[in-house]
Amino acid sequence: MHSPSKRLITSMSKRLAVSNLQGWADLPDDLLHSIVALLGSSLDLLAFAATCRPWRAAFFSHPSKSTLCFSCPPVLIRQNPIQPPSNGHAKPQRFNLVDPSNTGTNYRCQIREEILQKFYFAGSSYGQLIFFRHRCCLVVDAFSGAEVSPPCLPELNHNVFESYYCSTLTAPLASPNSRLLASTKSSLFDWPVGSDSWSELKLSNVQVRQIVELNGQFIAMDDHMKIYTLQLAPQLGLQDLPIEWCGGKIPSMDSKPFLVVCRDMLLMVCYSLVSLFRGSSFCTLHRLDMSTNPAKWVEMKKLDNWALFVAADIRTPPFSCVNPERWGGRSNCLYYTHHSEPWGVRWLGNEPDLLKDPSASRDLVFGRNMWRYPQSLWVYPSMFYSDRK
């Protein structure tokens, strides 16, 4: 545990000394729940849950556990250089875990080097990293390295390598209704977790690039910024969602648009580079208003008390965090990963602000693409989504 937890432990130690409690494991749940509410770090919360079984049970029974992914920042998984084999034995690939609320932390997670050598990274979801190798798939816990091997996908229609544009889970792996969705150039595949086969939805002139969940409804965006509602049962289906743009200029695909959920809001964020020489840029925001028919994208001037986190790989989900000042962050900002630094920061809104933006430099130009290996990416521990004790 780090500084916030240490201060809490010191305070609790004094309380234990004057109480009849026998030790840390005997602390009442209401006190433990109050500690969880004060922690503003994902890694501190992991350390809390790993202290002992009663503390772990208190973490899972916390009444606001479902909102932890909005109240503390995600962890940055940053890849170290790949180490060559030693004495004929492959070394596990190492990743540093960087906590935005405490950059002095030095944690590591391990993923088998064989996975990185033979598989292609295809996305992340609910704390899991998703890999494919032609028809073979592997789901790996980003923190523990635990692996799940779905069945092989149906036969592909060609012999060349198939690109996976979007891969996501619809719920945590342990959920009884969890599904793994994978989008290719011409199909959307669906694997009900635990089943022995995939189903396939043939697509015509549609490449699904992102899938998000908003208030229990799944929404997809294709490579032309068209929005669809996604039906999972009784069979997989996409339904076009008519949307109008309310004022302002319609952004282009060159603006690298992505969807992000802020509790009950669905936002589209578009990045525009004003001047490559000066590094001048801004990120525009649009909120989806579904109270009208048709729905409308409404421009927002700023995001008030929210911060957004986005990684360089377009197949990794963006995240949102409320009141980032609580852990030392800044509201109305976009935290984006970069190959030369752990992350850069951009103000959100429709005007560039170079005087206040510490990352307004040519070296930290924001860009997103698809990469073979997991690049720097944001992730929450899978434990945050699980109900297991």
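The values are calculated or read from the model by the stated rules, or taken from the named source; none is laboratory data. Fair warning: this is a prediction, and the values are worked out from it, not measured in the lab. Heads up, the Cβs are rebuilt from the backbone with ideal geometry, glycines too, and the neighbour counts pull from every protein chain shown. Each accessible area value is taken on the protein alone, full model and side chains, heavy atoms only, with ligands, DNA and RNA left out. Shrake-Rupley method; radii C 1.70, N 1.55, O 1.52, S 1.80 Å.
A few points about this structure:
- In segment 252-271, residue modelled with the lowest pLDDT [restricted to those that are within 22 Å of Ser125 (Cα to Cα) and of a type in the set (D, E, K, R)]: Lys256
- When Glu114 is tested against the conditions (1) closer than 29 Å to Gly328 by Cβ; (2) in contact (Cβ under 8 Å) with a residue 24 or more places away in the chain; (3) open to solvent by 70 Å² or more (accessible area, probe 1.4 Å), the lone failure is (1).
- Residue within segment 199-209 that is touching a residue at least 60 places away in the same chain (Cβ under 8 Å) and either of a type in the set (Phe, Trp, Tyr) or over 21 Å from Pro150 (Cα atoms) (or both) present: yes
- Selection count where residues are β-branched (Val, Ile, Thr) and modelled with pLDDT of 90 or more, scope segment 293-340: 4
- Criterion (touching an Asp or Glu at 6+ places or on another chain (Cβ under 8 Å), within 30 Å of Leu288 (Cα to Cα) and aliphatic (A, V, I, L, M)) met by exactly one of Leu232, Leu173, Leu169, Leu203: Leu232
- Some residue of segment 233-251 being part of a strand (DSSP E or B), of a type in the set (A, V, I, L, M, F, W, C) and modelled with pLDDT of 95 or more: no
- Scanning segment 321-338 for residues that are touching a Gly at 6+ places or on another chain (Cβ under 6 Å) and basic (Lys, Arg) turns up just one, Arg326.
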